[in-house]
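Encoded as structure tokens, the structure appears first; notes follow it.
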Amino acid sequence: MKIAAVALIALSTGACSFTYGLVGYQDEEPVATGSIAPKAVSPLSPDLNEEDWRRAKAALAVALDPQGAGTLVSWDNPDTAHKGSFSPSSPPFVKNDEVCRAFSAHLAGSATLEGTACRPSGGDWAIKDLKPAKAKSAEKASEKPSGKASAES
């Protein structure tokens with residue numbers, strides 16, 4: 001009788017520790033929905049990969065160097081065929097203890113961009129603002145031609 005009681009207790013407590021999978025309660029692999037877009041590698045274009053941006057940043061640093069010639073500096077990546085150029089558009093200035101400089105950027109096959117980049121002492125250039133450049137032809141088209149006024153009666 002004692003053996004039967006011990007066996008009954010062992011079976012009833014052992015059943016509490018037994019686990020088995022239930023349909024719908026199993027761990028599932030996370031599903032990627034694509035609802036959160038990955039952060040772009042480059043502020044210039046979402047089409048640039050890490051190597052494109054590395055090459056572009058090197059050209060940006062040369063173009064914006066306060067000790068440099070202040071001329072156009074080009075970059076390219078033969079692996080992706082992406083290329084572009086940077087040109088400073090103002091002298092360097094100090095803002096919030098950083099050296100800053102306005103620039104224009106051109107990506108082949110894209111519009112020209114205007115922006116400002118700043119660099120802390122001994123640090124890397126960081127683009128602070130960037131926007132599409134105003135098209136010169138659009139500015140000319142918006143100007144009204146000065147014609148002679150006729151006074152017809």
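Rounded to the nearest 20, the size of the Cβ-charge dipole of the range 50-134 about its Cα centre is 260 debye, with Lys and Arg at +1 and Asp and Glu at -1. Sequentially through the range 107-120, phi angles give Karplus couplings (6.51, -1.76, 1.60; θ = phi - 60°) of 10, 4, x, 10, 6, 7, 10, 10, x, 10, 10, 10, 9, x Hz, Gly and Pro residues having no value and appearing as x. Shape summary: the range 50-134 maps onto an equivalent ellipsoid whose semi-axes, from the alpha-carbon gyration tensor, are 21, 14, 11 Å in decreasing order. Residue exposure proxy: 103, 93, 86, ordered by other Cβ atoms within 10 angstrom of their Cβ from fewest to most, comes out as 93, 103, 86.
Readers should treat all values here as calculations from the given coordinates under stated rules, not as data from a laboratory. Note that the coordinates shown come from a computational prediction; the quantities given were computed from them, not determined experimentally. Using ideal geometry, Cβ is built from the backbone for each residue, glycine included, and neighbour counts are taken over all protein chains shown.
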